[in-house]
Amino acid sequence: MAKQIESALVRCMDYRLTSRVNTWMEEQGIMDMCDIISLAGASQAVVVDVDSPDARCLLRQIRLAKELHGIQTLYLMHHTDCGAYGGHGAFENETQEQEKHIADMHKAKKLIEEQFDTLSVVCVLAVMTSDTDIDFVEQE
């Protein structure tokens with residue numbers, strides 16, 4: 001088995017997030033000790049159709065992170081203005097957009113915890129007020 005690490009992060013592939021996500025990871029103390037799983041829409045595929053190729057790919061990456069690196073914590077990070085969700089324009093307002101992401105993260109969390117019962121899943125919403133102004137809010 002490879003080196004053991006504590007966590008993995010499922011995040012959107014959106015380039016606008018990279019610098020700020022790296023800073024967030026440093027603040028959490030997980031930089032350089034966290035597997036990164038990057039897919040458009042983050043965990044959206046698992047919620048839309050758990051049997052889809054994209055969902056199976058995501059779940060396989062989580063399984064590999066657990067088997068190869070012994071992760072105990074999985075961070076699910078969605079962000080507002082996500083193209084996979086249609087961006088800000090797909091929602092009537094910011095509240096509706098945030099509620100959709102939070103609901104989807106909680107659905108994904110439940111599905112992931114059913115398959116990986118020893119994994120702790122933490123949901124984080126990256127609220128984008130601009131391409132560089134991003135607030136990270138952990139969800140209960």
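Some values worked out for this structure:
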read-out: Residue identified as at pLDDT below 95 and either within 17 Å of LEU125 (Cβ to Cβ) or in contact with a Ser or Thr (Cβ under 8 Å, 6 or more places away or on another chain) (or both) among MET25, MET77, MET33; value: MET33
read-out: Of all residues making up the range 97-127, the number that are closer than 15 Å to GLY87 by Cα, buried (at least 16 other Cβ atoms within 10 Å of the Cβ) and more than 15 Å from the chain's Cα centre (by Cα); value: 1
read-out: Those residues of the range 95-118 which are over 19 Å from ALA8 (Cα atoms) and among the hydroxyl-bearing types (Ser, Thr, Tyr), in sequence order; value: THR95
read-out: Of all residues in the range 18-58 being among the polar types (S, T, N, Q) and closer than 16 Å to ALA108 by Cβ, the one that is surrounded by the fewest Cβ atoms within 10 Å (Cβ to Cβ); value: SER52
read-out: Residue in the range 102-120 that is aromatic (Phe, Trp, Tyr), assigned to a loop (DSSP other than H, G, I, E, B) and touching a Phe, Trp or Tyr at 6+ places or on another chain (Cβ under 9 Å) present; value: no
read-out: Candidates ALA84, ALA65, filtered to the one that is out of contact with any helix residue (DSSP H, G or I) (no Cβ under 9 Å at 6 or more places or on another chain), of a type outside the set (S, T, N, Q) and either touching a residue at least 40 places away in the same chain (Cβ under 8 Å) or exposed (fewer than 13 other Cβ atoms within 10 Å of the Cβ) (or both); value: ALA65
read-out: Residue check, ALA40 part of a loop (DSSP other than H, G, I, E, B) and either touching a residue at least 40 places away in the same chain (Cβ under 8 Å) or of a type in the set (D, E, K, R) (or both); value: yes
read-out: Boolean, VAL10 is aliphatic (A, V, I, L, M), surrounded by 14 or more Cβ atoms within 10 Å (Cβ to Cβ) and within 13 Å of the chain's Cα centre (by Cα); value: yes
read-out: Per-region count, the range 44-81, residues assigned to a loop (DSSP other than H, G, I, E, B) and out of contact with any strand residue (DSSP E or B) (no Cβ under 9 Å at 6 or more places or on another chain); value: 5
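The values are calculated or read from the model by the stated rules, or taken from the named source; none is laboratory data. All values reported here derive from a predicted model rather than from experimental measurement. Heads up, the Cβs are rebuilt from the backbone with ideal geometry, glycines too, and the neighbour counts pull from every protein chain shown.
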